[in-house]
Amino acid sequence: MPSMDQATLRNAIFRAAVVLFFTALASAATPIFKPAQVYPVGTSPIAAFVGDFNGDGKSDIAVANSGSSNVSILFGNGDGSFQAAANFDVGLAATGIAIGDVNADGKPDIIVTLAPNIDSLTAGGISILLGNGNGTFQAPMLTTLPVHESVAAVADLNGDKNADLLVNLTDSNFNAWRCRTPG
């Protein structure tokens, strides 16, 4: 067998290591799920978001419920399990949910998009639940919009350190509102 120089040997070892790495990565990429845990929430849950709503450093889940017009918060125990839901009214049937700090107080707030109510001729809109940081929220602030909203997101779009609100409207428009913090 011919002898290999050191560069050829290093390249062969490197290629073998790369093949082993990607083989291990491919086999590790196959998800394995444990049996589902069922957590009762409001009627017709439509969307969920994860955040820490009570400031304990554990992941909590906020679930927007279309049928019961509320948001259910499942407070995390830190081990993958959750406490019974606490429900907060949002005014109308929820169509989407987002989490962000819209009033710049360092506490997560919940933004819910709302479907119009055809029976009462109520327009759809946005409901904002300002977080108190302890797992409770202030009464919802409702803003009506003339069309049906479906998805919301919160981000600082213009670099001013304030949260901006993005809402996808079903009239083929996408809207962005810049939030301003008093002061």
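The distance between label points at A104 and T136 comes to 2.7 nm (points 7 Å beyond Cα on the Cα→Cβ vector). Here the calculated FRET efficiency for T144 and T43, from their Cβ-Cβ distance with R0 = 25 Å, stands at 0.65, rounded to the nearest 0.05. Accessible area per residue was computed with a 1.4 Å probe on protein heavy atoms; S68 scores about 40 Å².
The values are calculated or read from the model by the stated rules, or taken from the named source; none is laboratory data. All values reported here derive from a predicted model rather than from experimental measurement. Note: ideal-geometry Cβ built from the backbone for every residue, glycine included; neighbour counts use all protein chains shown. All accessible areas refer to the heavy atoms of the entire protein, side chains included, with ligands and DNA or RNA removed. Shrake-Rupley method; radii C 1.70, N 1.55, O 1.52, S 1.80 Å.
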